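See structure below.
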Amino acid sequence: MNTITSIGTAPLIELRRATKHYQIGENPVIALKGIDLIIQTREFVAIWGPSGSGKSTLCNLIGMLDSPTTGSVLIDGQEVNDLSDNARSELRNRMIGFVFQNFNLVPVLSALENVMLPLQIAGASSSVARQRALERLAEVGLEKHVAHRPAKLSGGQQQRVAIARALVTDPALVIADEPTANLDSGNARRIIELMLNINASHGTAFVFSTHDQRLLESVKRRVLMQDGEIGSDSQPERPAAQTRIAGSRP
Amino acid sequence: MITWFKLATRNLFRNGRRSLFTVMAIGLGFAAVNALGGFTAYIFTSLEDSYIHIQGNGHMSIFKKGFLEEGKLDPTRYLLNEEDVRVIDEVLQAHPEIRISTPELNISGLVSNGEVSTIFLASGRVASKVDVIRSHSRTKVGNMRLFDGDPMTDDKPNGLGMSQGLADQLRFKQGDTVVVMAPTVSGQINALDGQMLQTFSSPVEALEDKLMLVSLEFAQNLYDTTSVDRINVLLNDGLLTQPMRATLQSELAAHGLDVEIKTWNELSTFYTKVKNMFDVIFLFAFLIVFTIVVMSVVNTVGMAIMERTREIGTLRALGVKRRGIVGLFALESMLLGLIGSLVGVLLTLAVWSSIATFEPTWIPPQITRRIPLEVYLVPKEMLWSLLALMVLSLLAASLPARKAARMEIVGALGHV
Ligand SMILES: Nc1ncnc2c1ncn2[C@@H]1O[C@H](COP(=O)(O)OP(=O)(O)O)[C@@H](O)[C@H]1O
Ligand SMILES: [Mg+2]
């Protein structure tokens with residue numbers, strides 16, 4: 001069941017002239033000023049830039065947590081704006097895993113139950129969900145802590161649980177918005193390494209954002225956000241990758 | 001499903017004190033409604049039993065048509081004569097559902113102690129048959145002696161009973177000879193001597209100085225008639241009252257009798273009034289409980305949603321649909337309703353058992369004796385309350401829950 005959902009020729013994620021405007025009282029705030037961005041399956045993308053540059057807003061659009069003011073977001077070639085809230089929820093559940101800055105584990109559930117949650121939302125049986133969740137927790141090195149509630153875990157451990165939870169449905173993409181912001185540098189580094197390893201071994205695409213440049217060393221594709229615009233993209237478009245993936249799946 | 005159940009119960013325990021308050025509010029409301037309901041059931045049963053059995057009126061009474069409307073002015077014109085009674089008895093005999101029937105003649109006139117006289121109203125009855133009817137009482141009051149003195153018996157046709165107020169007024173004591181006067185059906189004044197056997201209290205305060213109890217024979221002798229004004233019928237089963245009335249009505253009509261049949265609840269206007277009054281009281285009590293339950297559930301769920309906004313955002317991000325969020329909080333509030341109701345069942349049982357243990361007594365309106373106060377257990381009512389409170393909790397939660405489900409995910413996730 002380790003399939004990646006995106007198998008078409010369309011890119012995993014595509015943003016076309018996507019903007020996001022906020023209105024704070026009288027003043028309009030333009031958080032994103034027409035973003036064009038393509039993310040392929042199996043990619044590992046770092047979105048970096050100063051605070052307030054629009055990283056979170058971009059992550060939210062990619063994850064269908066929010067919709068653009070103008071322009072469009074396509075997931076697997078599907079225009080997100082055309083989908084109902086229910087369809088978006090299902091798509092999120094199936095295709096996208098989330099890792100948050102403040103972990104966002106459900107406090108009344110154990111580590112294991114937190115990881116089982118996305119599968120159970122999808123309607124999987126308890127036994128199947130438990131089996132897969134245990135595997136994922138082992139992968140992030142928490143097999144000894146499965147019964148712990150989040151409050152009994154350190155920040156780094158909580159974020160590992162969150163990563164296990166994000167991966168449990170075998171999503172095509174994991175979005176991690178500042179996953180290391182609440183962690184010390186050692187833990188931050190280990191979390192990035194963990195994500196890179198999973199990307200390499202499972203082929204799960206990752207989009208993670210950070211304002212900490214030191215975490216970018218091992219990341220090939222870096223998208224710099226500046227004032228709601230893409231300042232630079234170390235590997236834009238990547239038509240070669242698209243051909244490669246299309247070619248590898250006849 | 002089990003996951004959501006787990007999530008809901010654990011979240012209820014997360015803020016245990018708040019949940020406890022809500023559960024107690026629901027439980028107390030449940031107990032209040034059901035204790036009142038149990039008391040009401042006791043009152044209704046007592047009133048019904050009092051009219052049918054204790055007062056010996058039976059489930060229904062057969063009258064000559066017009067007696068109830070015109071009989072007050074000219075009672076003698078609307079009596080059932082010997083032939084009528086014979087035919088009616090014949091018809092009644094054929095129905096095994098009828099336990100017993102007994103004729104009755106109500107009279108009025110003057111009662112005198114030789115010095116002064118005053119007006120009386122008396123029912124003339126067959127003591128042995130009334131005793132049979134009374135013996136079928138299902139209430140504690142039915143087993144109580146509701147008079148002072150000697151019982152009325154068939155072998156003392158001149159024995160009579162008097163309401164305490166009347167006896168006091170005329171200074172009669174047990175064993176005294178009482179002079180009773182009334183016009184006969186043909187218009188002459190007749191007088192008979194009776195013997196004072198007992199005093200009782202009038203079921204209606206206003207009649208405390210007017211009521212008497214005589215034998216049917218005595219009443220008929222005084223009126224110089226062989227007629228009666230009604231035949232009271234006791235059934236084996238009160239539930240048969242309506243169908244039996246219809247059956248008897250048509251059978252009696254077929255025998256050429258121009259009679260009307262009234263059931264106990266039509267004749268006991270007091271029952272109907274009290275029932276209406278209690279229905280209103282019950283409605284008020286229910287509305288108060290309703291308001292308290294709705295308010296505490298809305299408050300509990302509203303607070304929970306505020307505190308758990310980020311959790312709601314997380315669940316939505318993980319793919320829970322809007323209706324899933326509504327469902328989660330609906331489940332929580334239904335659990336509150338359920339646990340609250342179960343607490344309510346326990347409280348109701350506690351009220352019921354302590355009343356059963358301590359057997360308190362009271363003097364209800366229209367009765368001048370201390371009688372046991374009871375609260376009945378009405379399982380059907382409790383089941384309905386449980387369902388009603390669960391549905392109510394669900395509805396109360398649905399408004400805040402719907403709002404929670406409509407929150408922007410990003411906003412909810414950013415909530416601290
Ligand atoms: N809900 C909001 N309402 C108003 N302005 C917002 C909202 N969210 C973000 N912004 C603004 O949009 C800009 C980009 O924010 P954000 O995407 O959070 O940046 P970053 O994640 O890079 O710090 C900022 O100027 C921020 O103030
Ligand atoms: Mg941010």
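The values are calculated or read from the model by the stated rules, or taken from the named source; none is laboratory data. Model, not experiment: these values are computed from the prediction. No Cβ is skipped: glycine too gets one built from the backbone with ideal geometry, and neighbour counts run over all protein chains shown. Accessible surface areas use protein heavy atoms only, side chains included; no ligands, DNA or RNA. Shrake-Rupley method; radii C 1.70, N 1.55, O 1.52, S 1.80 Å.
Things to note:
- In loop segments of segment B:55-115 as defined by DSSP, the trypsin sites (Lys or Arg not before Pro) with at most 15 further C-beta atoms inside 10 Å of their C-beta are B:65, B:72.
- For residue B:104, distant residues with modelled amide H under 5 Å away: B:229, B:230, B:232
- The angle separating the long axis of helix B:2-14 from the principal Cα axis of greatest extent in chain B is about 80 degrees.
- Each principal axis of the Cα cloud of segment A:147-192 was taken in turn, and the coordinate range along them, longest first, works out to 28, 26, 14 Å.
- Of the solvent-accessible surface of segment B:58-267, computed with a 1.4 Å probe over protein heavy atoms with every protein chain present, carbon and sulfur atoms account for 51 percent.
- Taking all protein chains together and rolling a 1.4 Å probe, residue A:82 ends up with roughly 120 Å² accessible.
- Helix B:269-307 axis, angle to chain B major axis (alpha carbon atoms, nearest 10°): 10 degrees
- Around residue A:105: net Lys/Arg minus Asp/Glu count, Cβ-Cβ under 10 Å: 0
- Among A:23, A:235, A:157: highest mean-square fluctuation, GNM of chain A, C-alpha pairs under 10 Å: A:23
- Legend: calculated FRET efficiency, residue B:354 to residue B:260, from the Cβ-Cβ distance at R0 = 30 Å, rounded to 0.05, equals 0.05.
- Threshold 50 Å² - residues in segment B:1-27 whose accessible area is reduced by that much or more when the chain is no longer isolated, probe 1.4 Å: B:3, B:7, B:10
- Spatially proximal aspartates and glutamates relative to residue A:144 (Cα-Cα < 16 Å; intrachain offsets below 8 disregarded): A:113, A:135
- Here the calculated FRET efficiency for residue B:185 and residue A:23, from their Cβ-Cβ distance with R0 = 60 Å, stands at 0.05, rounded to the nearest 0.05.
- Additional length obtainable on full extension of the chain from residue B:144 to residue B:292, 0.36 nm per residue less Cα span: 49.2 nm
- Computed on the protein assembly as shown, the Cα convex hull volume stands at 236 Å³ per residue.
- 10 Å Cβ neighbours from other chains, averaged over peptide A:96-109: 5
- In this entry, segment B:218-293 is assigned a mean projected area of 8.6 nm², taken as a quarter of its C-alpha convex hull surface.
- Kirkwood-based Rg to Rh ratio, segment A:78-163, C-alpha trace: 1.02
- Radius 15 Å from Cβ of residue A:193, net charge of other residues (Lys, Arg +1; Asp, Glu -1): +1
- Heavy-atom accessible area with a 1.4 Å probe sorts B:384, B:264, A:48, B:352, largest first, into B:384, B:352, A:48, B:264.
- Computed over every Cα-Cα pair of chain B and binned at 20 Å starting from 0, the pair-distance distribution P(r) comes out as 22, 37, 22, 15, 4, 0 percent.
- On Cα atoms only, tilt of A:185-202 relative to the major axis of chain A in degrees: 90 degrees
- Efficiency of FRET from Cβ geometry, residue A:90 and residue A:181, R₀ 41 Å, rounded to 0.05: 0.90
- Computed on the Cα atoms alone, the convex hull of segment B:58-267 gives a volume of 123 cubic angstrom per residue.
- Local net charge near residue B:164, Cβ-Cβ under 13 Å (Lys/Arg +1, Asp/Glu -1): -1
- Entry note: segment B:6-45 has Rg to Rh equal to 1.30, where both radii use alpha-carbon atoms and Rh is the Kirkwood radius.
- Within segment B:367-416, the trypsin sites (Lys or Arg not before Pro) that combine a DSSP coil assignment with at most 15 other C-beta atoms in a 10 angstrom radius are B:369, B:370, B:406.
- Beyond 18 Å in Cα-Cα separation lie the following of the pairs B:129/B:173; B:140/B:380; B:64/B:262; A:20/A:55; A:20/A:220; B:129/B:210: B:129/B:173; B:140/B:380; A:20/A:220; B:129/B:210.
- The protein assembly as shown: antiparallel DSSP beta bridges as a percent of all, rounded to 5: 70 percent
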